[in-house]
Structure formats: C-alpha cells, structure tokens
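FYI, it's all coordinate maths here, none of it is from the lab. Bear in mind the structure is a predicted one, so any value in this text is a computation, not a measurement. Methodologically, a virtual Cβ is constructed for each residue, glycine included, from the backbone with ideal geometry; neighbour enumeration extends over all protein chains shown.
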Amino acid sequence: MRIIDIRETAVPLKSSLRNAVFDFSEMTTSVVAVVTDVVREGKPVVGYAFNSTGRYACGAQMRDRFFPRILKADPDTLLDETGGNLDPEKVLACMMSREKPGGHTERSIAVGTIEVAVWDAVAKIADKPLHRVLAERYNGGRVQERVFCYVGGGWYEPGKGAEGLKDEIRAKLGDGYTMMKIKVGGAPIAEDVRRVEAALEVAGAGEHLAVDANAAFDRPRALAYAKALEPYRLRWFEEPCDPLDYALLAEVAQRYSPAIGTGENLFSTQDVRNLVLFGGLRADRDVIQTDVPQSYGIAQFSRTLAMLDQHGWERKSLFPHGGNQMTLHIVGGFGLGGCESYPGVFGIFAGFADDAKVEDGYLRLPDRPGIGFEAQNALYAVMRGLAA
Ligand code: MG
C-alpha cells in the first residue's frame, strides 16, 4: 500500500470574536487530505485533519517540503511491520529529514497536521475509531467510553455585560456542561473580577470555573491578577503570561496557590520539559494544554507524555487545547484529563460530530472508523471537496 497524493487548502474561519490579545478576523486553517491506494467500499481511504485552532494556515511549508518528502519516499519505508498499514512514526521521521533542530513553530503545525491525517487513514484502514487504535498502542488497551469535556466561552463582545455572561453560562450548563472557562484580561482588573464573581453566581464553586488570560499580561498585571483571583480557588488560571517566560511563570506560581494551566503555545517536547523544569509548575495541581496537531502530532505527543511521566506528571493533568474531534480521540485514546469544547465559535472547525451531546460534563467517544469527520457535515464537505 502507499500514499498516492496529499493535498492542502486554507479555509478562513469567519469569526468576529476577540480575546485579551487579538481578534480572529484574519484567521485561517489548513485542511489536509492524505489519499491512499487502499480501497474500502469502492473508494480510496483518505485521512483528514486540520491545524486545530488559533494558528494560521501553513500550506507553504507543507507543499514546499513535507508533501514532496513523503511522496518521494520508497512507500515500503513508511509502512508498519505488517506491511498492511502506514506507520505514523516513520512518516514523521520522513518529514523531519533535512530539518534543523529547534525553531519548532516554523514547521510543527504543518508536520503535526499531516501526521494526524495519517492517523485518520491508519485507523480507517484498521477499521477502528482512532481513540481505540491509540488506547491499544499507548494506553495498555484501556478503551474509554466517554471523556470529560468542559466548555470555553466568556468572550468579550460589545454590549455584553455581567448579565450577558451569566446568561451565557446558564445556557452552557443547560447544554450538559459542568465546567466553563471564561476570558480575562480584555477589561480592567476590577471589571474582570466582577465578571468572575458573576460567573461564579451561576457556575457555583470555583472548581466549575476556569479563566484564560491568553498570555496577555506583563509582570505587574500577571501578579495583580494572581493576587485578585487567588481567593476564588478557580479550577485553573490559564496562560497568565508569555508561555516561554518561565521565570515570570514561576513567580506567578509561587504567589498563586490554586492551579495554573498553560502549554497551548508550546510546540515541542523540549519546551514542555522546560516548562515543568523551570516554569515553577506543580505536578499535583497544574494543567498542561499542548495542542497535539500543532506540536508535530500524536507520535511526538506520546514522547511528551513519557517525558512528563518521568517528572511525576499524571495523564489526568493534561487537557489538550483544541475543542475538536481530533483532540477528543487523543484525550480518550491516551486517557487524559479531559478536552475542551467551543460550540459555534470557530465556524465549521468547532466541535464534534453533529449529533454529539454532552451529558453531565462528559462526551461519548465516537465509534465510526478513523477520526469521524464524516459525522461533521459542513467540515466534511470541505474535506471531501479537497480529496475529490
Ligand atoms: Mg487558552
């Protein structure tokens, strides 16, 4: 068997939202199709993925370097030991040939998105849902039925005050979620504290509410928010500062005893290692939020997990970034803490199967083969068009 073609297209997100740092008006996403010569029900098996949320399309690197490397490789060198399926580890190694160490973000998203599309094909060829393939390979065969899923929101929108925020949280709890994350840092601190108090009136205890500052704060503001938020004992305080500013992060962690969440803007195993060694993070409470398709993909993520394990971090501390079907399978397959959800926020890229329902804070894992984008009509229309 072999990969016969790989394609990419950039799709605009069409979102009017903004967080503490930027708006999404120019945001695009790369959609990838990996076409194989394996035929199922009269059609070639195609693996799909997209580059998750919040990073722009990266088709140039894909077309210039990674697609040609895969397509030029001897097809047998990309297969697993049975010879009947692709080996994503080998495809990753092939893409990384002639790549200089470091400078991860320039390629980690392109490489990771292609790698996840290869996994979709692998699972379809194995005729199993991806989470099951991952559980068998990386979690001792412990296949999960459902995973914890919290909902993100609380964006800044013109005219939306504390009452608007409370209505939003009420609606999300009514949809079956038990935990919500809201934005902070887009307003003066006193107003943000009032927003948190309003949110807690609806959400209940602090464990049901997290806040996300989107790495917006300099030192004075990061420390001021840490001090102001500490009494509320929130589930976590996400990205209080630049994720690579380990010294400042350690300072925040020293003065803020509840949980901190970070990692969605770190793209390599090495940077996550630096985070836990030098960022002052605490394995007994803090939360790591790597975005897997943006960080070289699933095989590399398994190495990040092994590294974290050596430093005493349990899998339940991982809540990968990206409220989408790829992350859902990864959380279920590896047995991680949970996943996030952004219903209706990121256009066709938001969320899970069209008929997915959250019950009591949990989402049932899909059981169709592969990642199951076929159950997301609007997104699958784009993917199918790309492969046609
Ligand atoms: Mg975030």
Practice item. Scan the chain and report its longest stretch carrying no GluC sites (Glu not before Pro) that are both in a DSSP loop and have at most 16 other Cβ atoms within 10 Å. Key: 146-313
Review point. For the chain, which longest stretch is free of loop sites, where a loop site is one of the chymotrypsin sites (Phe, Trp or Tyr not before Pro) that DSSP puts outside H, G, I, E and B and that has at most 15 other Cβ atoms within 10 Å?
Key: 57-388
Point to revise | Residue (of Met96, Thr28, Pro68) at the positive-pole extreme of region 3-127, dipole from beta-carbon charges | key: Thr28
Review point. By the gyration tensor of its Cα atoms, with a ≥ b ≥ c the square roots of the eigenvalues, what is the shape of region 304-358: rounded for a/c under 1.5, prolate for a/b over b/c, or oblate?
Key: prolate
Exercise for review: Go ahead and collect, in residue order, the members of region 335-374 whose backbone nitrogen is under 12 Å from a label point 7 Å along the Cα-Cβ direction of Arg315.
Suggested key: 335-338
Check your understanding: For the chain, what is the convex hull (Cα atoms) projected area averaged across all directions, in square nanometres?
Key -> 17.8 nm²
Revision key, fill the gap. Projecting the Cα atoms of Gly333, Leu248, Val122 onto the charge dipole of the chain, where Lys and Arg contribute +1 and Asp and Glu -1 at Cβ, the residue farthest towards the positive end is Val122
Check your understanding: Longest span of the chain, sites excluded, free of trypsin sites (Lys or Arg not before Pro) in DSSP loop with at most 16 other C-beta atoms within 10 Å?
Key -> 15-97
Point to revise | Computed magnitude of the charge dipole of the chain (debye, nearest 20; Cβ of K, R +1, Cβ of D, E -1) | key: 220 debye
Check your understanding: What do the square roots of 5 times the Cα gyration tensor eigenvalues come to for region 3-127, in whole Å, largest first, as semi-axes of the equivalent ellipsoid?
Key -> 28, 18, 11
Study note, to complete from the structure: Per principal axis, largest first, the Cα atoms of region 327-366 extend in Å by 28, 18, 15
Practice item. Rounded to whole Hz and in sequence order, give me ³J(HN,Hα) for region 247-252 from the Karplus expression 6.51 cos²θ - 1.76 cosθ + 1.60, θ = phi - 60°, writing x for Gly and Pro. Key: 5, 5, 4, 5, 5, 4
Practice item. Would you calculate, for the chain, the mean residue ellipticity at 222 nm contributed by helices, counting each DSSP H stretch of 4 or more residues as -39,500 (n - 2.57) and dividing by all residues, to the nearest 500? Key: -11000 deg cm²/dmol
Practice item. With a ≥ b ≥ c taken as the square roots of the eigenvalues of the C-alpha gyration tensor of region 99-180, please select rounded if a/c is under 1.5 and otherwise prolate if a/b is larger than b/c or oblate if it is not? Key: oblate
Point to revise | Max mean-square fluctuation residue, GNM over the chain, Cα-Cα springs under 10 Å, options Ala198, Ala283, Ala171 | key: Ala171
Study note, to complete from the structure: Taking 0.36 nm per residue of separation between Glu163 and Glu41 and subtracting their Cα-Cα distance, the length gained on full extension comes to 38.7 nm
Review point. How would you classify region 231-388 from its alpha-carbon gyration tensor, with a ≥ b ≥ c the square roots of the eigenvalues: rounded for a/c under 1.5, else prolate if a/b is greater than b/c, otherwise oblate?
Key: prolate
